[in-house]
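Here is the structure we will look at, set down as structure tokens.
The values are calculated or read from the model by the stated rules, or taken from the named source; none is laboratory data. Fair warning: this is a prediction, and the values are worked out from it, not measured in the lab. Every residue, glycine as well, gets a Cβ built from its backbone with ideal geometry; the counts of neighbours run over all protein chains shown.
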Amino acid sequence: MARTDRTHEEATVEMFRQDPDLAAEYLNSVLQDGDEADLMIALRSLSKAFGGVAEVARQADVNAHTLYRTLSEKGNPELKTLAAILRAMGMRLAIQPIEHSHA
């Protein structure tokens, strides 16, 4: 009999896989509200939607062991590594002005 239920994580991974804009919004939210550890956790979670850490490492041309360490809570990737990881996920770094409300 086919399994019809999914875990929350499986459903979330599938949503990110099907909607890269949602994945980008998620990362932007983490960048706005979180810290470096939160970003590494989010990237590790997102990597599952893009084939897993080993596949993202292959596409980013980064050693898989190094990528696992980089995406740990204490990870501190270099900018070029972060850019390569995002590129492997079909995303890129971008700079945007902070929106100021005019009171």
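Quick notes
- The sole residue among 69, 6, 58, 17 that is surrounded by 11 or more Cβ atoms within 10 Å (Cβ to Cβ), over 30 Å from residue 97 (Cβ atoms) and in contact with an Asp or Glu (Cβ under 9 Å, 6 or more places away or on another chain) is 6.
- Tabulated pairs, the stretch 39-54, first without any contact (Cβ under 8 Å) to a residue 60 or more places away in the chain and in a helix (DSSP H, G or I), second surrounded by fewer than 17 Cβ atoms within 10 Å (Cβ to Cβ) and among the small types (Gly, Ala, Ser), C-beta under 6 angstrom, 6+ apart or interchain: 54/64
- Residues in the stretch 5-16 that are more than 21 Å from residue 93 (Cβ to Cβ) and in contact with a helix residue (DSSP H, G or I) (Cβ under 7 Å, 6 or more places away or on another chain): 13, 15.
- Here residue 77 meets the list (1) surrounded by fewer than 13 Cβ atoms within 10 Å (Cβ to Cβ); (2) assigned to a loop (DSSP other than H, G, I, E, B) almost entirely, failing just condition (1).
- Qualifying residue in the stretch 86-100 (condition: crowded, with 18+ Cβ neighbours inside 10 Å and assigned to a helix (DSSP H, G or I)): yes
- Among the residues making up the stretch 59-85, a single one is under 28 Å from residue 15 (Cβ atoms) and in contact (Cβ under 8 Å) with a residue 40 or more places away in the chain: 85.
- Flag if residue 62 is assigned to a helix (DSSP H, G or I) and at pLDDT 90 or above: no
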